[in-house]
Amino acid sequence: MKNQEIATMLREIADFLEIQEAEYKPRAYRTAARNIESLSEDIEDIHARGELEEIEGVGESIGEKIAEYLETGELEYYEGLKADLPVDIETITSVEGVGPKTAKKLYLEVGIKTLDDLESAAEKGEIADLEGFGEKSQQNILDHIERAKESQERMLLGRAFPIAQDIETRLHDDDAFDQVDIVGSFRRRRPTVGDIDILATASVPETAMERFCTHDDVKEVLSRGETKSSVVVSGDLQMDLRIVDGTEYGSALVYFTGSKDHNITLRNWAIDRDWKLNEYGLFDVSGVDTEEDSQRAGERLASETEADVYDTLDLAWIPPEIREDTGEIDAAAAGELPDLVEIDDVRGDLQLHTDYSDGSHSVREMAEAAAERELEYVLVTDHGPHAPIPSTLDEETFEEQVADVEAANEDLNITVLQGIEAEITEDGLELPESWYDHCDLIVAGMHSTPSDPTERIVDALVESPIDIFAHPSNRLINEREPLDLDTETVMETAAEENVAIEINAQPQRLDLDWASVKEYRNTVSYVVSTDAHTTGELDFMHLGVAQARRGWCEASNVLNTHSLDDLLSFFE
DNA sequence: GCCGTTTTCGGCCCGACTGTTTTCAGTCG
């Protein structure tokens, strides 16, 4: 799958073009890059069908370039740009405050090509002497170069969650603040976040800003203004605070929740109606002279609440998780937004581990913890033979677990189902025959990386009595690439074989990924499972539900929102 | 370079902050 590779190349081309002061080309290349990145299909398959230009943002010119790259492994145009400016542009511009223009100047005047060049030039004081630069610019580069080296990775949503909740609570409790919301990609529940964006109102903004920037947790203040400040807190997470007027809170929420593409489409939607949408409100600018243009020019139509803004635009309110410009605005206009699944719809958890394999707690402890979370049923799924972990179930321990499960069902206020997480091997599931009789449901997953994963998975789905296919791509975000799968074939096979597809809620998995969830939501049925290995991890459920929401799932798309009887009858 | 329910040509989102600039370019989100 070369989607990411091509997206990165297009983005670099955009940087080079920006250096050449090309006006609109960089934007075109970046749009194409973003759209290719979010494709769930392999771009090589799209090329094979001759449909590159069907991709949003890809026209004749970019389409030909992608084709050339796929066919020859090289793109002459790109090589030419690199030859003209032989700079590791992607890495250098990842330093906060250094963009394409700065990178060019640094190359032409100091000969900087790499991050190491940049660091040594800054240390020698060569940058402060340049025209347009000074001591502060040089120090900024030195301050941020370490972060650029280390944090090429975005933080997992699950890891950012407690940090974000902590600050939200703290600001709520602070009398300098009035309204407080976490916005940005966090509010959209993207699997990873680059920073935490906070929106707030305050009667005395200066006081609020002061409290935010001087808190004990703050390691560094990146910028500080009257309405906007950025800080780095412990854990190396950047936090941006924006303070706005209460009467403009709704339009600010819309603006800062994004995504960028959603905002652009929404603004264009406003422009089509002779209106202007920005963070200060929705304005009728039909009679306004463009010269006297200001942020609040024209007649204010809406701004106080998000619902006001969308409503005035003749759109239904759009849940943050689907503000990704993947058709939600048209759906909102047509009154066809999905009624998204909610955490309270979830009635059971269909993958969890106990101390019979690699979990930390007993069957009873896990079941009790699930009951405390008001779940009606859980499926115990310890690893079976051939899983690449030290401790797996064998015939003896499996019998013991069956007894434990029966005992738990006798006196706990929750139904404990016997299951297993079987390993998909070269020869199928390879489980002892008698286990099938004891298991209410069979979960199967692949934890290896064979050269032919699609074939193996399809064979297993067809030939073995699998009920749920777990974490389909086996990706670990920031750590392990997803399997090179023909997802469409796997999904179609699962549908034919009546196998549900898992949306795994572990923070580093969130697998099936949300874009594929959306694509195949009318093909297969999903379950959202925590794959908990401790009682505390049962709380990951909301992360999985958020991904289902990002994939436009309604409760009816998610089997574990059903009663136990309905759930089991699906698999019969 | 892409795109179109006014368009195959003429548009293309918008504002805050920084540093160094005496009026603004570059960067970021």
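The values are calculated or read from the model by the stated rules, or taken from the named source; none is laboratory data. Because the structure is predicted, anything quoted here is derived from the model rather than measured. Every residue, glycine as well, gets a Cβ built from its backbone with ideal geometry; the counts of neighbours run over all protein chains shown. Quick note on the areas: whole protein, heavy atoms, side chains included, nothing else; ligands and nucleic acids left out. Shrake-Rupley method; radii C 1.70, N 1.55, O 1.52, S 1.80 Å.
What the table shows:
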{"read-out": "Residue pairs meeting the criteria (Cβ under 8 Å; at least 6 apart or on separate chains; first over 15 Å from A:A515 (Cβ atoms) and open to solvent by 30 Å² or more (accessible area, probe 1.4 Å), in the range A:31-59; second away from DNA strand B (no atom under 14 Å from the Cβ) and in a helix (DSSP H, G or I))", "value": "A:E44/A:L70; A:H47/A:L70"}
{"read-out": "Yes/no for A:A500 being under 18 Å from A:R347 (Cβ atoms) and either buried (at least 22 other Cβ atoms within 10 Å of the Cβ) or in contact with a Gly (Cβ under 8 Å, 6 or more places away or on another chain) (or both)", "value": "yes"}
{"read-out": "Residue check, A:R456 surrounded by 21 or more Cβ atoms within 10 Å (Cβ to Cβ), without any contact (Cβ under 8 Å) to a residue 60 or more places away in the chain and closer than 28 Å to A:Q418 by Cβ", "value": "no"}
{"read-out": "Sole residue being within 24 Å of A:A548 (Cα to Cα), within 16 Å of DNA strand B (Cβ to nearest atom) and either without any contact (Cβ under 8 Å) to a residue 40 or more places away in the chain or in contact with a strand residue (DSSP E or B) (Cβ under 7 Å, 6 or more places away or on another chain) (or both), chosen from A:L241, A:L156, A:L199, A:L253", "value": "A:L253"}
{"read-out": "Residue list for the range A:357-371, filter: of a type outside the set (D, E, K, R) and over 20 Å from A:E410 (Cα atoms)", "value": "A:S357, A:G359, A:S360"}
{"read-out": "Condition check for A:G258: touching a residue at least 60 places away in the same chain (Cβ under 8 Å) and near DNA strand B (Cβ under 8 Å from one of its atoms)", "value": "yes"}
{"read-out": "Single residue of A:S434, A:S448, A:S473 found to be assigned to a loop (DSSP other than H, G, I, E, B), surrounded by fewer than 19 Cβ atoms within 10 Å (Cβ to Cβ) and in the same structural domain as A:T530 (by TED's automatic domain parsing)", "value": "A:S448"}
{"read-out": "Search result, residues across the range A:202-238 that are aliphatic (A, V, I, L, M) and either closer than 20 Å to A:H144 by Cα or in contact with a strand residue (DSSP E or B) (Cβ under 9 Å, 6 or more places away or on another chain) (or both)", "value": "A:A202, A:A208, A:M209, A:V218, A:V221, A:L222, A:V231, A:V232, A:V233, A:L237"}
{"read-out": "Residue match in the range A:394-415 (condition: out of contact with any strand residue (DSSP E or B) (no Cβ under 7 Å at 6 or more places or on another chain), among the aliphatic types (A, V, I, L, M) and part of a loop (DSSP other than H, G, I, E, B))", "value": "yes"}
{"read-out": "Selection from the range A:239-272 of residues that are among the acidic types (D, E) and in a loop (DSSP other than H, G, I, E, B)", "value": "A:D245, A:D272"}
{"read-out": "Any pair with Cβ under 9 angstrom, 6 or more apart, that starts in the range A:405-430 at a residue that is within 26 Å of A:M446 (Cβ to Cβ) and assigned by TED's automatic domain parsing to the domain that holds A:L441 and ends at one that is among the acidic types (D, E) and part of a strand (DSSP E or B)", "value": "A:L429/A:E423; A:E430/A:E423"}
{"read-out": "Among the candidates A:E421, A:E374, residue that is at pLDDT 90 or above and part of a loop (DSSP other than H, G, I, E, B)", "value": "A:E374"}
{"read-out": "Members of the range A:166-206 found to be assigned to a loop (DSSP other than H, G, I, E, B), touching a Gly at 6+ places or on another chain (Cβ under 8 Å) and open to solvent by less than 70 Å² (accessible area, probe 1.4 Å), listed by number", "value": "A:T201"}
{"read-out": "Condition broken by A:Q139, with the remaining ones in (1) within 13 Å of DNA strand B (Cβ to nearest atom); (2) outside any strand (DSSP E or B); (3) closer than 30 Å to A:L253 by Cβ satisfied", "value": "(3)"}
{"read-out": "Among the candidates A:D330, A:D355, residue that is of a type in the set (D, E) and in a helix (DSSP H, G or I)", "value": "A:D330"}
{"read-out": "Test: residue in the range A:145-163 that is in contact with a Gly (Cβ under 7 Å, 6 or more places away or on another chain) and more than 30 Å from A:V517 (Cβ to Cβ)", "value": "no"}
{"read-out": "In the range A:223-238, residue least open to solvent (accessible area, probe 1.4 Å) [restricted to those that are outside any strand (DSSP E or B) and near DNA strand B (Cβ under 6 Å from one of its atoms)]", "value": "A:G225"}
{"read-out": "Answer residue from the range A:77-100, given it is open to solvent by 30 Å² or more (accessible area, probe 1.4 Å) and in contact with an Asp or Glu (Cβ under 7 Å, 6 or more places away or on another chain) and is nearest to DNA strand B (Cβ to nearest atom) among those", "value": "A:T93"}
{"read-out": "Test set (1) within 13 Å of DNA strand B (Cβ to nearest atom); (2) outside any loop (DSSP other than H, G, I, E, B); (3) in contact (Cβ under 8 Å) with a residue 40 or more places away in the chain; (4) not β-branched (V, I, T) - A:Y69 fails condition number", "value": "(1)"}
{"read-out": "Test: residue in the range A:83-99 that is assigned to a helix (DSSP H, G or I) and of a type in the set (G, A, S)", "value": "yes"}
{"read-out": "Condition check for A:S120: open to solvent by 30 Å² or more (accessible area, probe 1.4 Å), out of contact with any strand residue (DSSP E or B) (no Cβ under 8 Å at 6 or more places or on another chain) and within 12 Å of DNA strand B (Cβ to nearest atom)", "value": "no"}
{"read-out": "Condition met for A:T31 (more than 11 Å from DNA strand B (Cβ to nearest atom) and in a helix (DSSP H, G or I))", "value": "no"}
{"read-out": "Test for A:A14: is it more than 8 Å from DNA strand B (Cβ to nearest atom), crowded, with 20+ Cβ neighbours inside 10 Å and part of a helix (DSSP H, G or I)", "value": "yes"}
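Conditions (1) closer than 30 Å to A:A48 by Cα; (2) assigned by TED's automatic domain parsing to the domain that holds A:I19; (3) at pLDDT 85 or above, marked per residue:
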{"position": "A:G80", "(1), (2), (3)": "yes, yes, yes"}
{"position": "A:T93", "(1), (2), (3)": "no, yes, yes"}
{"position": "A:E96", "(1), (2), (3)": "no, yes, no"}
{"position": "A:P100", "(1), (2), (3)": "no, yes, yes"}
{"position": "A:K105", "(1), (2), (3)": "no, yes, yes"}
{"position": "A:G125", "(1), (2), (3)": "no, yes, yes"}
{"position": "A:E131", "(1), (2), (3)": "no, yes, no"}
{"position": "A:Q138", "(1), (2), (3)": "no, yes, yes"}
